1. Do any residues in region 280-298 that are touching a residue at least 12 places away in the same chain (Cβ under 8 Å) and of a type outside the set (A, V, I, L, M, F, W, C) have Cβ atoms under 8 Å from those of residues that are assigned to a helix (DSSP H, G or I) and open to solvent by 20 Å² or more (accessible area, probe 1.4 Å), where the two are at least six apart or on different chains, and which pairs are they?
2. I'm told W249 meets every condition in (1) in contact with a helix residue (DSSP H, G or I) (Cβ under 9 Å, 6 or more places away or on another chain); (2) modelled with pLDDT of 95 or more except one. Can you identify the failing condition by its number?
3. Could you please let me know if D264 is part of a loop (DSSP other than H, G, I, E, B) and closer than 18 Å to G334 by Cα?
4. From G326, G334, grab the single residue that is among the small types (G, A, S) and either touching a residue at least 60 places away in the same chain (Cβ under 8 Å) or not in a strand (DSSP E or B) (or both).
5. On the given criteria, is H273 surrounded by 19 or more Cβ atoms within 10 Å (Cβ to Cβ) and touching a residue at least 24 places away in the same chain (Cβ under 8 Å)?
6. Hey, can you tell me all the residues within region 356-371 that are over 23 Å from V240 (Cβ atoms) and either within 21 Å of the chain's Cα centre (by Cα) or at pLDDT below 95 (or both)?
7. Give region 255-298 a look and list any residue that's in contact with an Asp or Glu (Cβ under 9 Å, 6 or more places away or on another chain) and over 16 Å from K104 (Cβ atoms), or say none.
Amino acid sequence: MKIRKIGTNKDLHDINNKNPYKIILITLIILSTATFFGFKYFKTQPTNVCLDSDTKVYNEYKDAVVLIKHRYGYFAKIKGKEIQLTTEDAKEETVYGTGFFVDKDGKILTNSHVLQPWKSSNEEDEKTNTTIRNLRMKIASILTTDVSEDEYESFIERNWKIASAYDENEGEGEGDYEEGNEEGNEERREEPAGEEFISSNDTEVDTSKVATDIAASIPVKEYVSREDIEVYVKTVDIEVALHDSDEQWLSCEIEKISEDTNIDLGIVQLTDHTTPESVANIINLDNAVEDDASLNPGQKAIMIGYPLGMDLAKTDSGIKVQLYDGKISKESDGNKIQYSITSTHGASGAPVFNECGQLIAVNFSGVDQVQGFNFGIVAKHIHNF
């Protein structure tokens, strides 16, 4: 038997003679693949081109910055049944903030306090906890065990005006209610008790015994235990609107919230996990300024956002994002940096750029009493978060 080695020049010559187009086809496939991945690689690399003007920075990133609308409210879970409380002291709230797209999967970076406004400060957190305790005590003062789960919400609304308020200094009280009174039992009739009277036959009646008999005839209601009542705050819904949109709100879900109270960052994501095609440029985090020590007072700072929420954003031709600029006022302390940009409520979560359009911070707070004293979380914390 004659054995021939594979891969010799003679073999290649035979292959070429048999199918001269095969090598050309393979070569074209290899070149096309290399070209595709090469283009994709270079396309995703951070750009180092300096935009060198406020207008260029605005035009580059205006479509990536969104207005966030967050509705939240108080909820109660009673024996495992969850209801939303809609009483006067548990009204649903709406807050506005700013965010910006950081990838093509619909992820939006913002502040954690935009996503949890009830924890935006120690004062707000304490106020929320006090409200939660009061609501829990009020529910326990009126809700009886004979009320079915499906009637919890309507029963609480009907009888809320007579629910006993809870005062931490004075303790708790117990309310009374009337099942059929839709007006919250505002007009309760006082029955005479213990009055002395003489019957027609002049026989004296033991009034204490009568009063005892009347009290015994009134059915005793058993109230739901406070241990079976949980009250808390949570999101009703979060939506975002794009620059130049006609109040078209896109649904979101909370993806992540920073556990570090010093790093006020959070992420929401569009429910369809797709960044809209109208967003030409996401804000490239790989091009962000990671070295916060290089941010010096006097350097340019540019913010694109939605201060005052819908009050300023809404125009006759749709929602419009705004640009504000200033200068870095103080060196970074490792977590935050101060700048003289004009800002107020609603601009929380707005991106702050340097003069070249590189992200340097995420706006998160300011001084209410006077303008020009605002702060941002430095960009180096974004990747770690």
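1. Filtered contacts from region 280-298: N281/E60; N281/D63; E290/K380; E290/H383; D291/K380; D292/K380.
2. Here W249 clears every test but (1).
3. Values: part of a loop (DSSP other than H, G, I, E, B): yes; closer than 18 Å to G334 by Cα: yes.
Against the criterion (part of a loop (DSSP other than H, G, I, E, B) and closer than 18 Å to G334 by Cα), D264 qualifies.
4. Matching residue, one of G326, G334: G334.
5. On the way: surrounded by 19 or more Cβ atoms within 10 Å (Cβ to Cβ): no; touching a residue at least 24 places away in the same chain (Cβ under 8 Å): yes.
No, not satisfied.
6. Of everything in region 356-371, those that are over 23 Å from V240 (Cβ atoms) and either within 21 Å of the chain's Cα centre (by Cα) or at pLDDT below 95 (or both) turn out to be V367, D368, Q369, V370, Q371.
7. Hits for region 255-298 are S258, G266, D292, A293, L295, N296, P297.
Results for (1) at pLDDT 95 or above; (2) at positive phi; (3) open to solvent by less than 10 Å² (accessible area, probe 1.4 Å), shown as yes or no for each residue.
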position: V49; (1), (2), (3): no, no, no
position: D52; (1), (2), (3): no, yes, no
position: N59; (1), (2), (3): yes, no, no
position: V65; (1), (2), (3): yes, no, yes
position: K69; (1), (2), (3): yes, no, no
position: Y72; (1), (2), (3): yes, no, no
position: Q84; (1), (2), (3): yes, no, no
position: D89; (1), (2), (3): no, no, no
position: F101; (1), (2), (3): yes, no, yes
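The values are calculated or read from the model by the stated rules, or taken from the named source; none is laboratory data. Keep in mind that what you see is a predicted model, and the values were worked out from it rather than measured. A quick note on method: Cβ atoms are made from the backbone with ideal geometry, for glycine too, and the neighbour counts reach across all protein chains shown. For the accessible areas, the whole protein counts, side chains as well, though only heavy atoms, and no ligand, DNA or RNA atoms are used. Shrake-Rupley method; radii C 1.70, N 1.55, O 1.52, S 1.80 Å.
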